[in-house]
Amino acid sequence: MTATKCLHIFRQPVPKAPEKLNNPFHYEPHPLTLAAASQLQDYLQRQTQWHEELEKGKMFGVLVVRKGRKIGFLAAFSGLLGERSLWPYFVPPIYDSQQPEGYFKQEERNISSLFQQVKRLKASDDYIQLKQDVAVARQEAERLIASYKQEIAQAKKRRDLLRETADDALKQALIRESQFMKAELGRKKKQAAQEIALIEEQLNEKELHIRCLQEEHRKRSDDLQKWLFSQFVVLNAQGEHNHLTAIFEAFHHRLPPSGAGDCCAPKLLQYAYQHQLTPVCMGEFWWGQSPKGEVRHHLHFYPACRGKCMPILQFMLQGLDVEPYSLNQDDEEELTVAYEDDWLCVVRKPAGMLSVPGRSARRSVVSILQQRWKGKCRQEPLTVHRLDMDTSGLLIVAKTPEVHQALQEQFANRSVRKKYVAVLEGIWKGKDKGNIQLPLRPEPTDRPRQVVDTERGKTAITSFQILDRKKGRTLIALYPHTGRTHQLRVHCAHQDGLALPIVGDALYGKTKGQTRLLLHAEQLSFVHPVSGKKMNLKWTHPFNI
């Protein structure tokens, strides 16, 4: 194999290569991937220059490649490492925006200078003084006008008393006094407005200058971002090339998010194509502490992010024989009914089945019921709540809009009782019962991933009870009091929750050795919207530990 500076040879004999490249969005690391990752991890363990940064956490990736009969691997890091994008041992970035004298860094400095100008102007003594002068002038004007209005009110009371015994001459004098005071009020208001306007004019000049600088800052930032993404020209296995702006426009009809193109997988594939290396298998793992809001575990493998990488990789993987996304394959289990009457239906949803139709042609609870109810029910199936595709369990479907609304109100006021059962990766050493309160919000660049955010997240509360502990795993009952996306998965996996991911959770845990997410909606309790009867339904979990 022709050596390149970023290509690493395996130090030990390696297993047989897979027939197809694994799907980067859903995979179990191949033994070759694990061998490559082990060598990279050994290299990272011996480094000292990035010690503090690595402790805080960083995503790394490996791509096993072949040229002829020889095999090796490439390594990459996501974003920057040590404030640089170029380091020995790792593949280079698709475009190096960190060149000190390159256009990007020069314009970035110019844009930063604009920001600093705005910051200095807003902090300047004369700007702050003018804002204070305007505020003081307004307060003084309000005080003077309020005081004069009191004089007018008191004068009116006096005139009203005089009018009872006044002659015509005095009445006319009282009228003239009233008219004068009203006119004087108008003159005082006008004078105060003029005095305020003189100060505001000076303030407005400075604020106009600040707004012009801010608008220039915004426009140049947007232009620089667009220019940057036009420099990210990526390849695919068919020899085609395209830049990120065009890729995201075709996929999302919008500009790429910040950081697109700087993740591990695009870097690795780009280098392989440029050096005529055939991709064999790949994986990305986290090194270091879990970030405060996200769920990342040291040395765990994770799928490529969707928001930034999915559009790019869908282009870059063209021409390769890639394993299908296993969750996009037709589910084998059938949808069965736990309860049904003229108003609603409770189904047993198997793992791997969508609750509602998605982008793929894959079957969903709704599409299956549409076929079953065709000609038998006048209404379309209306899902009252949802279960993640990876989760099995009981799901309520309404047959009329009225029942749908009534059931949704029960969910909204938290009167529906739900019990889930899950298997956790590891032994829980804490109390057998407890509560978890971690507010959640979606991660915009990697939906549907959720992050913990104490400032912007929505309230999410879960109660738990330990059912069993053995064989390195924990069987647990989970009782959600709120219904946030991925709530149970994050509350189990997050370091401030149970810090034990659910087995088979590719987003927040690891998938090795498991074909499905071990999370099951076992019980549902609600009031029937029509009969008023208390409904208690159960589908016992299928897990053995």
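The values are calculated or read from the model by the stated rules, or taken from the named source; none is laboratory data. Keep in mind the model is a prediction, meaning the values are calculated, not measured. All Cβ positions, even for glycine, are placed from backbone atoms using ideal geometry, and neighbour counts span all protein chains on display. Just the protein is used for accessible areas: all its heavy atoms, side chains included, with ligands, DNA and RNA removed. Shrake-Rupley method; radii C 1.70, N 1.55, O 1.52, S 1.80 Å.
Below, the figures for the structure above:
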quantity	calculated
Residue among 383, 400 that alone is surrounded by 15 or more Cβ atoms within 10 Å (Cβ to Cβ), hydroxyl-bearing (Ser, Thr, Tyr) and under 28 Å from residue 479 (Cβ atoms)	383
Subset of the range 23-57 (residues that are surrounded by 20 or more Cβ atoms within 10 Å (Cβ to Cβ) and in contact with a Ser or Thr (Cβ under 8 Å, 6 or more places away or on another chain))	27
Selected residue (criterion: farthest from residue 424 (Cα to Cα)) from residues of the range 447-482 that are open to solvent by 20 Å² or more (accessible area, probe 1.4 Å) and basic (Lys, Arg)	456
Residue 99 vs. criteria more than 25 Å from residue 237 (Cα to Cα) and assigned to a loop (DSSP other than H, G, I, E, B)	yes
Residue pairs meeting the criteria (Cβ under 7 Å; at least 6 apart or on separate chains; first touching a residue at least 60 places away in the same chain (Cβ under 8 Å), in the range 276-298; second buried (at least 18 other Cβ atoms within 10 Å of the Cβ) and basic (Lys, Arg))	286/296; 287/58; 288/58; 290/296
So residue 497, is it assigned to a loop (DSSP other than H, G, I, E, B) and within 21 Å of the chain's Cα centre (by Cα)	yes
Some residue of the range 509-527 being in a loop (DSSP other than H, G, I, E, B) and within 19 Å of the chain's Cα centre (by Cα)	yes
Whichever residue in the range 415-443 is open to solvent by less than 60 Å² (accessible area, probe 1.4 Å) and basic (Lys, Arg) and, among such residues, is farthest from residue 464 (Cα to Cα)	441
Selection count, the range 358-404, where residues are over 31 Å from the mean Cα position of the chain (by Cα), part of a helix (DSSP H, G or I) and among the polar types (S, T, N, Q)	2
Cβ pairs under 7 Å, 6+ apart, first in the range 436-455 and more than 18 Å from residue 388 (Cβ to Cβ), second of a type in the set (Lys, Arg) and surrounded by fewer than 20 Cβ atoms within 10 Å (Cβ to Cβ)	439/458; 453/441
Residue selected from the range 65-83 under the condition of a type outside the set (Gly, Ala, Ser) and under 24 Å from the mean Cα position of the chain (by Cα), by the criterion surrounded by the fewest Cβ atoms within 10 Å (Cβ to Cβ)	80
Scan of the range 282-301 for residues that are in a loop (DSSP other than H, G, I, E, B) and open to solvent by 20 Å² or more (accessible area, probe 1.4 Å), ordered by number	289, 290, 291, 292, 294, 296, 297, 298, 299, 300
Candidates 115, 90 - the one that is modelled with pLDDT of 95 or more and in contact with a strand residue (DSSP E or B) (Cβ under 7 Å, 6 or more places away or on another chain)	90
Count - residues of the range 141-150 that are touching a residue at least 12 places away in the same chain (Cβ under 8 Å) and either within 56 Å of the chain's Cα centre (by Cα) or open to solvent by 90 Å² or more (accessible area, probe 1.4 Å) (or both)	4
Cβ-Cβ under 6 Å pairs, at least 6 apart or on other chains, the range 233-254 side in contact (Cβ under 8 Å) with a residue 12 or more places away in the chain, far side hydroxyl-bearing (Ser, Thr, Tyr)	235/273; 243/230; 245/230
Which numbered condition residue 138 misses (of (1) open to solvent by 90 Å² or more (accessible area, probe 1.4 Å); (2) more than 23 Å from residue 207 (Cα to Cα))	(2)
Some residue of the range 231-248 being part of a loop (DSSP other than H, G, I, E, B), buried (at least 17 other Cβ atoms within 10 Å of the Cβ) and in contact with a helix residue (DSSP H, G or I) (Cβ under 6 Å, 6 or more places away or on another chain)	yes
Where a residue in the range 514-533 is hydrophobic (A, V, I, L, M, F, W, C) and its partner, wherever it lies, is assigned to a loop (DSSP other than H, G, I, E, B) and open to solvent by 50 Å² or more (accessible area, probe 1.4 Å), with Cβ under 6 Å and at least six apart	530/343
Pairs, first farther than 24 Å from residue 508 by Cβ in the range 408-429, second in a strand (DSSP E or B) and not hydrophobic (A, V, I, L, M, F, W, C), C-beta under 8 Å, six or more apart	416/525; 417/479; 417/523; 417/525
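A quick yes/no check of all residues on (1) assigned to a loop (DSSP other than H, G, I, E, B); (2) touching an Asp or Glu at 6+ places or on another chain (Cβ under 8 Å):
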| position | (1), (2) |
| --- | --- |
| 406 | no, no |
| 409 | no, no |
| 421 | no, yes |
| 429 | yes, no |
